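Trainee: Sharing a structure, written as structure tokens. Questions coming.
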Amino acid sequence: MALLTCHFFSDALEVSTAMTVLLPQTTHEQIGLTGVAPADPPPVLYLLHGLSDDETIWTRRTSIERYATEKGLAVVMPRAGRSFYADERYGAAYWTFLTEELPRAVASFFRVSQQRSDTFVAGLSMGGYGAVKWALRHPDRFAAAASLSGTLDVVGDTGVAAHVPHVWGGPPRPGSDDDLLALLERADLAELPALYVACGTGDELIDVNRRFVGNAVRAGVAVHSDLDRPGDHDWAYWDARIRDVLAWLPIGGVHHA
């Protein structure tokens, strides 16, 4: 597995930014790990960070490099600040960067699959929100999306806006394209990617995640949920669950329970 730090200029953000990227590499002599690079461009996972972190955090706190190596999976981890993956009212256009500019840059810089069936998105906390929002607003781009301990109801959880007043300039508007519960109600069920939602029972966001899954079920949206397992809002939980997510992803078109 090749580990790259890519610094590049973003027109959407009007500043230089960075992403950490893992690319499959076939290896035979590496002790303890055998890398596999598919003959075709590899499937790709966009993996999003949380509110207090950056593009390096997944490789610093988890074994994502080892887990992705076993799958022959490319992983793209962009920098998103404290943006909630939105075009900030008082800040930068992170939603435009994420959904328009970043995929173009990845396609330009790296040899990864451009097929929907090979493209996935996941994240933790703020990144779980970003992953689900991206999947619900652009379902044609992803085969699957996963949230770990996601902040999945930014309208109902009134404390969210207080942490990031620059993002929406106040509470996000109910029914807007930043309201995941509203997006669920408007979703075309035939178009949606597979969805995965996990949150530990000791996490302060467990009720938010249960509310999201309950709303999804009432809207007829199928969700693979893991909400009954012990766990806190921490890296021990996320390191274990990202491995579950990778096992669940339909890599090669095969979905695992």
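Throughout, read-outs are computed from the coordinates displayed, never taken from laboratory work. What you are looking at is a predicted structure, and each value in this text was computed from that prediction instead of being measured. Backbone-built Cβ (ideal geometry, glycine too); neighbour counts: all protein chains shown.
Trainee: What does the extension gain come out to for CYS6 and ARG218, with contour length at 0.36 nm per residue minus their alpha carbon separation?
Mentor: Gain in length upon complete extension: 72.1 nm.
Trainee: So if each residue of separation counts as 0.36 nm, and I subtract the Cα-Cα distance between ARG173 and HIS138, what length gain in nm does that give?
Mentor: 10.6 nm
Trainee: When Lys and Arg each count +1 and Asp and Glu each count -1, what net charge do the other residues less than 12 Å away from ASP234, Cβ to Cβ, add up to?
Mentor: Values: positive: ARG61, ARG241; negative: ASP203, GLU204, ASP232, ASP239.
The answer is -2.
Trainee: What is the distance, in nm, between label points placed 7 Å from the Cα along the Cα-to-Cβ direction at GLN25 and at TRP235?
Mentor: With each label placed 7 Å out from Cα toward Cβ, I get 2.3 nm.
Trainee: For volume of the Cα convex hull per residue in Å³, pick the label among (i) 117; (ii) 139; (iii) 131 that corresponds to the value derived from the coordinates.
Mentor: The calculated read-out lines up with (i).
Trainee: Identify the trypsin sites (Lys or Arg not before Pro) of segment 1-103 meeting these criteria: DSSP loop state and at most 14 other C-beta atoms within 10 Å of the C-beta.
Mentor: Passing both the DSSP loop test and the Cβ count: ARG89.
Trainee: Just want to confirm a number: the relative contact order over the chain, from Cα pairs under 8 angstrom separated by 6+ residues, in percent. Each step should come with its number before you reach the end.
Mentor: Details: 542 pairs, mean separation 42.2, N = 257.
Reported as a whole number, the value is 16 percent.
Trainee: What does the charge count near THR34 come to, summing +1 for each Lys or Arg and -1 for each Asp or Glu among other residues with Cβ under 15 Å from its Cβ?
Mentor: Summing Lys and Arg as +1 and Asp and Glu as -1 gives -1.
Trainee: Grab the other residues whose beta carbon is less than 13 angstrom from that of ARG60, score K and R as +1, D and E as -1, and report the net.
Mentor: Combined, the nearby Lys, Arg, Asp and Glu give -4.
Trainee: Where is the GNM fluctuation largest for the chain (alpha-carbon springs, 10 angstrom cutoff): GLU65, GLU204, GLU88?
Mentor: GLU204
Trainee: If I build a Gaussian network model for the chain, linking alpha-carbon pairs within less than 10 angstrom, which residue out of VAL221, VAL15, VAL167 has the largest mean-square fluctuation?
Mentor: Top of the fluctuation ranking is VAL15.
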